[in-house]
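Below: one structure, written as structure tokens.
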Ligand code: MLC
Ligand code: AMP
């Protein structure tokens with residue numbers, strides 16, 4: 001079997017990680033991992049155990065995630081701004097044996113307990129233990145929580161094989177090699193920043209320059225050094241374009257990169273054109289999900305194609321299906337179907353939730369993404385929508401409307417609530433809530449309800465606007481009409 005991260009199997013002085021001005025070589029990452037393995041052994045943690053990592057903006061967060069992977073323990077990456085109810089859910093569902101944090105004081109107190117420090121990673125006086133190189137096995141490597149239309153977020157379990165196959169396919173599409181430094185300012189608790197950005201760099205043997213806080217000027221400066229690839233979500237491209245208009249150094253940074261890659265949500269055609277006009281180069285899109293990793297990517301051997309996410313990656317089987325799950329053969333760039341995929345990139349299932357897994361993956365291994373797309377003659381997909389109107393993509397984060405609705409409905413002064421995503425030029429979609437107050441004559445303040453959501457859920461799930469209504473629009477059967485809410489949102493904004 002092959003090592004998962006070949007550059008760590010024969011570690012040398014080449015840089016593999018830069019965070020906040022500090023750079024670590026492959027040899028230093030392995031040494032840190034050796035100290036982490038010793039710490040895990042002392043705690044009685046065994047391969048396969050779940051270990052939480054609060055992904056704070058700190059070099060040690062990235063190191064801990066790599067070290068866990070090498071040690072064969074399953075990382076549960078935790079958003080450092082997790083709300084109380086989300087933390088309670090992860091604590092009971094993933095039940096991590098221990099959680100680690102670079103700064104334990106800054107982690108929200110709660111059911112995940114007080115985390116252990118990560119000081120040992122960079123402290124050469126700490127004991128270390130031999131690190132066996134992780135191979136490309138089928139064993140779980142990550143549990144990544146992802147929101148669904150209803151209920152609580154589900155833990156997608158990804159194996160080392162899922163990750164390695166997908167990274168190799170991306171490397172071939174992007175001609176991604178050890179000579180490339182990836183630059184990103186993404187969080188490490190999702191696929192994009194963690195699997196693609198950090199594990200991808202380790203797999204190809206290149207360097208990750210991680211800027212734990214998104215800021216256009218610093219990102220642009222990092223892109224100017226050497227052969228670089230930018231990974232970003234559309235909101236970041238939008239903000240980079242805004243900044244580039246005011247600051248030529250930002251445009252220069254975008255121009256300097258070897259590749260600009262967008263994903264996690266659709267980048268509008270006008271935004272593509274704006275960036276091309278500003279910096280003379282196009283953005284390549286790729287398309288994926290937490291559960292399936294990346295399914296399609298435009299090969300960089302051809303030109304960027306605004307609006308297209310490219311053909312399936314090598315090894316990915318892809319079909320478009322109609323409502324009855326029948327294959328649509330058309331390649332006319334017009335007929336719309338649900339994207340259905342199969343291949344080594346598809347996750348092993350949802351943690352503790354075979355029913356939810358069976359709902360999205362059939363007996364033959366086909367995964368139903370819920371995304372709607374067209375396909376052209378060359379096999380390139382255009383993502384044109386999604387089946388579930390109750391899923392919102394805001395800033396590249398997937399958010400279930402139902403989770404916010406349930407949270408609002410928990411408030412004693414709320415009778416019922418409905419949440420929608422409204423088109424937004426910066427965030428893609430912004431969250432708007434409609435609330436029927438228990439006492440319409442004396443409703444709570446909108447701010448109090450937004451704060452109520454903020455206490456329970458991560459900040460990106462907070463409604464940006466909250467409107468009180470006498471009743472929610474329903475059809476004759478009593479079914480909530482979200483289309484009616486969209487019209488209402490439009491009228492309230494005008
Ligand atoms: C938010 N804020 C609010 C608010 N909502 N404040 C008051 N009222 C509300 N209703 C706060 C935020 O907490 C933040 O506070 C501030 O307002 C600004 O928020 P923002 O405008 O949303 O943006 P920001 O925090 O700047 O973040 C933008 C971003 C972020 C693009 C940097 O959305 C991001 O990191 N996105 C990446 C998502 C990602 O990695 N997705 C990958 C999923 S994997 P404060 O205090 O922080 O300033 C996947 C698979 C694949 O999809 O294909 O890749
Ligand atoms: P997540 O579960 O956070 O991984 O989000 C996955 C979802 O993001 C997909 O189902 C798509 O709806 C969306 N997505 C990811 N990449 C793209 C893209 N390039 N274009 C459009 N939508 C995308």
Only residues that are touching a helix residue (DSSP H, G or I) at 6+ places or on another chain (Cβ under 7 Å) and either within 12 Å of ligand 1 (Cβ to nearest atom) or outside the structural domain of residue 259 (by TED's automatic domain parsing) (or both): list them for the stretch 292-320, please.
-> 293, 294, 297
Conditions (1) farther than 19 Å from residue 286 by Cβ; (2) buried (at least 19 other Cβ atoms within 10 Å of the Cβ): number failed by residue 367 | (1)
Considering 62, 31, which residue is within 18 Å of residue 182 (Cα to Cα), part of a helix (DSSP H, G or I) and modelled with pLDDT of 95 or more?
-> 62
For the stretch 328-341, state whether one or more residues are more than 25 Å from residue 194 (Cβ to Cβ), within 15 Å of ligand 2 (Cβ to nearest atom) and in a loop (DSSP other than H, G, I, E, B).
-> yes
Check whether at least one residue in the stretch 151-163 is more than 18 Å from residue 349 (Cβ to Cβ), part of a helix (DSSP H, G or I), away from ligand 1 (no atom under 16 Å from the Cβ) and assigned by TED's automatic domain parsing to the domain that holds residue 72, and report yes or no.
-> no
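Quick grid of which residues meet (1) under 25 Å from the mean Cα position of the chain (by Cα); (2) not in a helix (DSSP H, G or I):
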position: 235; (1), (2): yes, no
position: 242; (1), (2): yes, no
position: 249; (1), (2): no, no
position: 254; (1), (2): yes, no
position: 264; (1), (2): yes, yes
position: 267; (1), (2): yes, yes
position: 272; (1), (2): yes, no
Residue set 260, 240, 223; condition buried (at least 21 other Cβ atoms within 10 Å of the Cβ) and within 12 Å of ligand 1 (Cβ to nearest atom); output residue 240
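The values are calculated or read from the model by the stated rules, or taken from the named source; none is laboratory data. Since we're looking at a predicted model, the values are computed, not measured. Note that each Cβ is placed from the backbone with ideal geometry, even for glycine, and that neighbours are counted across all protein chains shown.
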